[in-house]
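Q: Handing you a structure now.
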Amino acid sequence: MNRNAIWRAACISTLAAVAVLTHPGIAHAVVVRGSVRDPLGRPIPSARVQLVKGKQVVGSTITLSDGSYEIRSADEGRFLLLAVAPTFAVQVSQPFYGRPLDVVSQNIALTISPVRQEVTVTATGLPTPVQQINSSVTTVQDQALATRVDIAQELRLQPGVSIVPTGQYGGGVSMFVRGAESSANKVLVDDVPANDIGGVFDFGPFSSTAVRALETHRGPDSVLYGTDARAGVIRLETPRGTAIRPVLTYSGDGGNYHTWRNEGTLSGTYGKADYYTAFSRFDSSNALPNDRFHAMTEAMNVGYNFTASTSVRGTVRNGDSAVGLPGPFNFQGLTQLGKQGDQDTYISGVIDDTRRNRWQNTFRYIGARKREQAQQFASVGTPDGFGDYFGNFVTIVGANGTFASGQAIVGYDPFPTKYELVSNRDGVDYRSTYRVNDQFAVTGGFRFQNERGAYRYPVFDTYQQTTRANYDYTLQMQGSVRHRLFYTLGGAVQRNSLYGTQGEPQFGIGYYVIRPGRGWFEGTHLRANFSKGVQEPSLSTELSSLYVALQGINDGADIAKFHVGPIDAQRSRSYEGGVDQNIFTDSVVLKLSYFHNTYDRGIEYVTTSQYNGYFHQNLPQALFGFYLNSLATRSEGIEAELQWQLMPRLFFRGGYTYLDSTVLQSFSSDALNALGGTPTINPRYPGVPIGVSSPLVGARPFRRAPHTGFATLSYSGVKWNAALQYAMATKSDDSTFIDQYSNANFDNSMLLPNRNLAYGYNKLDAHVTYQWKPSFAIFVQGDNLVNEKNIGAFGYPSLPITFRAGLKVRFPAE
């Protein structure tokens, strides 16, 4: 080719390029760019990426050698990406908004086979494939909750967790993570702290309605989430509208024990806005008299995109429930006439802005309004003429073979009684993340929360309240080296108006000895993690602490003499190490973890007389008792989890946890009695010290089973979906809590030795869904199919076998 021909060709190519770039449909296009990578962050070349709007592909491309891609489209609206590459499973992105002149960054991670394409936010604060994290996280998708009434049953199906109810539908449900107190977990609803002041959260009345994703992080995470993340974090998200047209869904079902449930949702998008609303109501009589439960849930999630990089979003979730308070029926032989009501509202407002696809800033308002009322309407049982009421004569038989008979006191005059507990919270949360490159990111943040709590018990003329202003400053680095070594390093400084300033570090590291691939044992991930956590005192422990009690009697002399200060934060320290092994590709994955946790400066109640006697002090006897930071426990154990894609539509998941938990230090009344040589003993079992309301030093904490496990088998087909779910726990330590002041004989004859007192259980659930038409499905949910009687805490009978059947309708069907 001569020089003129080359010149003409160059000119034609240049003019063609200019014409393309200046064409109105291209020059004013939305630009979607990013990279396609494997779970370890390595680029995937020659992957096909398609840009989809509605049902149409509006653009497609092939990734370059570095995994990058770019697609342009003259369309405006809601898009999603579809990516596929040889030997990898198809991946569909979350929907996003784009308009002409917008530059949208969308990175996609592909997995080798479709076992579970999991991304977690809780562990690092950034969306991260689970293969890159160094801590223990379990994710639950909304499909698993589709036929559930609540979320507690799904939380039971994961390692390191014990779920202990003290009632049936709507009754109190506690979650113990790796041997810690049930109040040591931070619960976030759309990143709004949902705990009462001091950490308590009741999972019993919390509905499965409007829960898109559920994540559990096992281990302290106060660096990212502040106070109360002492043992773990549970994070829930509200769904977003994604459909181009409005979508209306309805689900209704009924079952035994006068159970019925109705749920409706409306969602979609309109221009730059997306919306989702939901409402549900659930009712049941339960299996015990005076224990009727109802719960209503309303939720809303509304977002608006100014541009592809700047958006605002608001979420609201409100729950209103009421349930009877029958008490421990197996100890009383009757049910009490009481009711507990809860009204909980969580509000979030978010401004999110991303600059140059690297620097993301999030400003969030957080608000919570929580109110609880409990009341006993009238006396039940047999009066003794002195203001006490006795239950029926019962025989209590423990799982350890011990037994006791008698009548427990079920109430005291006067009646009716009522108390109210209020926890309100307002605050702001700012978080900034800068991605230096695809292998390193830095996150910093500031959080302020104003907490206001109140406790009212009119019968005893008790009106207590408190206000706290808390500040958190966080910094965390996250990165990888050659897509093989992954690390996180961070720290937080917290300034709490009650206990002052605390610092918490966190460090995690993971290394792939063998990178994931196709074949046997292709993928070996070693990981280790260290972290600390704190938990603020509850309202009641703050207002009944030694410091406040001495102030209440104007005893400044003893405050100065004994250097008494406000009650302090409860602390934790955790070491964790583990291995994740792909047995065959990633269709069979085994995860093993060892943890060693210390929970110190825990809060417990101490009587003044016993404290003075044991420590040879002379605190004024005007103080009957008070709360101290004197409890310390240690928990260590092993977690194992197996995930197995048996067939393309058949998936198995199972796990086992061994927990060795011990009380290292306690100044409770029970512990001091035992240490002082006068332990509490039931004469029927001489020589066996008993912890009445708390465990003794050297014993196991109450209600933490040493062995727990689960197994699930699920089938996902075109028409049929089904699952079989099994959970188990062995015997655990507990108490009857019926001492000499709580029974008709006024002695310790109704106490039983703590060791292995509570029964273990085997729980089996199942559900089946049939998609009869695209717009219509029917389902059946069965719980406790083996009719286990001891799933709850000792003394509280479980809900027997239950069945619910119903239908689901969607309009339009697509």
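The values are calculated or read from the model by the stated rules, or taken from the named source; none is laboratory data. As the structure is a prediction and not an experimental result, all values here were calculated from the model. Heads up, the Cβs are rebuilt from the backbone with ideal geometry, glycines too, and the neighbour counts pull from every protein chain shown. The accessibility values were calculated without ligands, DNA or RNA, using every heavy atom of the protein model including side chains. Shrake-Rupley method; radii C 1.70, N 1.55, O 1.52, S 1.80 Å.
Q: Report the gain in length on full extension from Ile244 to Gln740: 0.36 nm times residue separation, minus Cα-Cα distance, nm rounded to one decimal. Walk me through the numbers on the way to the answer.
A: Details: separation 496, 0.36 × 496 = 178.56 nm, distance 6.67 nm.
Gain on stretching Ile244 to Gln740: 171.9 nm.
Q: Lys/Arg Cβ at +1, Asp/Glu Cβ at -1, dipole of the chain taken about the Cα centre: which of Leu325, Ser669, Gly517 is farthest positive-ward?
A: Gly517
Q: Using the Karplus equation 6.51 cos²θ - 1.76 cosθ + 1.60 (θ = phi - 60°), what ³J(HN,Hα) coupling, rounded to whole Hz, does each residue of the stretch 236-248 give in order, writing x for Gly and Pro?
A: 3J(HN,Hα) across the stretch 236-248, in whole Hz: 10, 10, 8, x, 10, x, 10, 6, 5, 9, x, 10, 10.
Q: I would also like to ask the following. Using a cut-off of under 18 Å, list every residue of the stretch 68-89 whose amide N is near the label point 7 Å from the Cα of Arg42 along the Cα-to-beta-carbon line.
A: 68, 84-89
Q: Report the paramagnetic label zone for Gln465: residues of the stretch 486-519 whose backbone N is under 18 Å from a point 7 Å from Cα along the Cα-to-Cβ axis.
A: Residues passing the 18 Å test: none.
Q: Can you tell me which lysines have their Cα less than 18 Å from the Cα of Lys418? Leave out same-chain residues fewer than eight positions away.
A: Within the straight-line cut-off, Lys418 pairs with Lys339, Lys370.
Q: Mind putting a number on the dipole of the chain about its Cα centre? Charges go on the C-beta only, +1 for Lys and Arg and -1 for Asp and Glu, and I need it in Debye to the nearest 20.
A: Working: 72 positive and 66 negative charges, 656 e Å.
Rounded to the nearest 20 debye, it is 3160 debye.
Q: Looking only at the chain, where both bridge partners belong to it, what percent of the DSSP beta bridges are antiparallel (to the nearest 5)? Kindly include the intermediate steps, with their values, before the conclusion.
A: Numbers: 330 of 341 bridges.
About 95 percent, rounded to the nearest 5.
Q: Let me ask another. Residue by residue through the stretch 777-789, which ³J(HN,Hα) values in whole Hz follow from phi under the Karplus form 6.51 cos²θ - 1.76 cosθ + 1.60 (θ = phi - 60°), with glycine and proline marked x?
A: 9, 10, 8, 9, 10, x, 10, 6, 5, 9, 6, 5, 9
Q: Another one. Which of the listed residues, Gly795, Ser540, Ile133, is farthest toward the dipole's positive end in the chain, when Lys, Arg count +1 and Asp, Glu count -1 at the beta-carbon?
A: Of Gly795, Ser540, Ile133, it is Ile133.
Q: How far apart, in nanometres, would the label points at Thr678 and Val57 be if each is projected 7 angstrom from Cα along the Cα-to-Cβ direction?
A: Each label point lies 7 Å from its Cα, and together they span 8.4 nm.
Q: Bin width 5 Å, origin at 0, all Cα-Cα pairs of the stretch 552-665: what percent of pairs per bin?
A: Values per bin, smallest distances first: 2, 9, 13, 14, 11, 9, 8, 7, 7, 6, 5, 4, 4, 2, 0.
Q: What is the list of residues in the stretch 636-656 whose amide nitrogen lies under 20 Å from a point 7 angstrom out from the Cα of Val513, following Cα to Cβ?
A: Answer for the stretch 636-656: 638-643.
Q: First check a/c for the stretch 386-524, with a ≥ b ≥ c the square roots of the eigenvalues of its C-alpha gyration tensor; if it is under 1.5, answer rounded, and if not, answer prolate when a/b is larger than b/c or oblate otherwise.
A: Numbers: a/c = 4.57, a/b = 1.67, b/c = 2.75.
Because a/c hits 1.5 or more and a/b fails to exceed b/c, the stretch 386-524 counts as oblate.
Q: Compute from the Cα atoms of the stretch 745-801 the Rg and the Dmax, the latter being the longest Cα-Cα distance, and quote both in angstrom.
A: Just the Cα atoms of the stretch 745-801 yield Rg and Dmax of 19.4, 65 Å.
Q: Using mean Cβ contacts within 10 Å as the protection proxy, how do 528-537, 315-324, 357-366 order, highest first?
A: Values: 528-537: 24.3, 315-324: 21.0, 357-366: 16.4.
The packing order, highest mean first, is 528-537, 315-324, 357-366.
Q: How much length, in nm to one decimal, is gained on full extension between Asp353 and Val302, taken as 0.36 nm per residue of separation minus their Cα-Cα distance?
A: Values: separation 51, 0.36 × 51 = 18.36 nm, distance 1.67 nm.
Extending this stretch completely gives an extra 16.7 nm.
Q: Starting from the Cα of Lys272, draw a straight line to each of the lysines and keep only those under 24 Å, dropping any in the same chain fewer than 8 residues away.
A: By straight Cα distance, Lys272 reaches Lys53, Lys55.
Q: Calculate, for Asn361 and Gln551, the FRET efficiency according to 1/(1 + (r/R0)^6) with r their C-beta to C-beta distance and R0 41 Å; round to the nearest 0.05. Don't jump to the answer; show the numbers that get you there.
A: On the way: r = 43 Å, r/R0 = 1.06.
With R0 = 41 Å, the Cβ-Cβ based efficiency is 0.40.
Q: Per q in 0.11, 0.20, 0.21 Å⁻¹, report the Debye log10 I(q)/I(0) for the stretch 47-185, using one uniform scatterer on each alpha carbon and no solvent.
A: Values, matching the q order: -0.61, -1.24, -1.32.
Q: A further question follows. Enumerate the whole-percent occupancy of each 5 Å bin, from 0 to the last occupied one, for all C-alpha pair distances of the stretch 524-578.
A: 4, 16, 18, 13, 12, 10, 7, 7, 5, 4, 3, 1, 0
Q: On to the next question. For Lys731, go through the lysines and keep the ones whose alpha-carbon is under 20 Å away, minus same-chain ones fewer than eight residues off.
A: Lys763, Lys789
Q: What is the spin-label model distance, in nm, from His258 to Tyr412 if the labels are put 7 Å beyond Cα along the C-beta direction?
A: A separation of 3.3 nm, rounded to one decimal place.
Q: Spin-label point model (7 Å from Cα, Cβ direction): what's the Ala766 to Phe386 distance in nm?
A: 5.5 nm
Q: Separate question: Over its Cα atoms, what ratio of radius of gyration to 2.2 N^0.38 Å does the stretch 650-731 give? Provide the component values of the computation, followed by the final result.
A: Details: Rg = 20.9 Å, N = 82, 2.2 N^0.38 = 11.7 Å.
Against the compact-globule rule of thumb, the ratio is 1.78.
Q: Only helical DSSP H runs with n ≥ 4 go in: add -39500 (n - 2.57) per run for the chain, normalise by residue count and round the 222 nm mean residue ellipticity to 500 deg cm²/dmol. Provide the component values of the computation, followed by the final result.
A: Details: 10 runs with 69 residues, N = 814.
Here the helix-only value at 222 nm equals -2000 deg cm²/dmol.
Q: Hey, what does the equivalent ellipsoid look like for the stretch 112-255, semi-axes from the Cα gyration tensor as sqrt of 5 times each eigenvalue, largest first, whole Å? Display every interim value, and only then the final one.
A: Working: eigenvalues 112, 91, 42 Å².
Semi-axes (√(5λ), whole Å): 24, 21, 15.
Q: For Tyr457 and Leu646, calculate 0.36 nm times their separation in residues minus their Cα-Cα distance, and state this gained length in nm to one decimal. Could the numbers behind the result be given before it?
A: On the way: separation 189, 0.36 × 189 = 68.04 nm, distance 5.67 nm.
Working it through step by step, the gained length comes to 62.4 nm.
Q: Per the 1.4 Å probe, what fraction of the accessible area of the stretch 697-814, in percent, lies on carbon and sulfur atoms?
A: In the stretch 697-814, the share of accessible area belonging to carbon and sulfur is 63 percent.
Q: Then there's this: Using +1 at the C-beta of Lys and Arg and -1 at the C-beta of Asp and Glu, which of Leu696, Trp260, Gln478 has the Cα lying farthest in the positive direction of the dipole of the chain?
A: Of the candidates, Gln478 comes out farthest on the positive side.
Q: For the stretch 575-590, take each phi angle, set θ = phi - 60°, evaluate the Karplus expression 6.51 cos²θ - 1.76 cosθ + 1.60, and give the result in whole Hz per residue in order, putting x for glycine and proline.
A: Karplus values, whole Hz, x for Gly and Pro: 10, 9, x, x, 9, 10, 10, 6, 7, 9, 6, 10, 7, 10, 10, 10.
Q: Continuing with this model, one more query. Starting from the Cα gyration tensor of the stretch 182-306, take the square roots of the eigenvalues, sort them a ≥ b ≥ c, and report rounded, prolate or oblate (rounded when a/c is under 1.5, otherwise prolate if a/b is larger than b/c, else oblate). Walk me through the numbers on the way to the answer.
A: On the way: a/c = 2.90, a/b = 1.03, b/c = 2.80.
Because a/c hits 1.5 or more and a/b fails to exceed b/c, the stretch 182-306 counts as oblate.
Q: Additional query: Quantify, in whole percent, the carbon and sulfur part of the accessible surface of the stretch 42-116 (1.4 Å probe; protein heavy atoms only). The partial results should precede the final answer.
A: Details: 1850 of 3580 Å².
Heavy-atom surface of the stretch 42-116 belonging to carbon and sulfur, 1.4 Å probe: 52 percent.
Q: Shifting gears a bit: In the stretch 383-515, carbon and sulfur make up what percent of the accessible area (probe 1.4 Å)?
A: Details: 3770 of 6470 Å².
Looking at the stretch 383-515 in its full context, I get 58 percent from C and S.
Q: Let me ask another. With a 1.4 Å probe and every protein chain left in place, work out the accessible area per residue of the stretch 646-699 in Å², rounded to a whole number.
A: Working: 2520 Å² over 54 residues.
Computed with neighbouring chains in place, this is 47 Å² per residue.
Q: Just how large is the dipole of the stretch 610-683 about the Cα centre, in debye to the nearest 20, putting +1 at every Lys and Arg Cβ and -1 at every Asp and Glu Cβ? Let's see the in-between values first.
A: Values: 3 positive and 5 negative charges, 36 e Å.
Dipole about the Cα centre, nearest 20: 180 debye.
Q: Which values, in whole Å and largest first, are the semi-axes of the equivalent ellipsoid of the stretch 295-352 obtained as the square root of 5 times each eigenvalue of the Cα gyration tensor? Can you show the working numbers first?
A: Details: eigenvalues 381, 16, 10 Å².
Ellipsoid half-lengths, sorted descending, are 44, 9, 7 Å.
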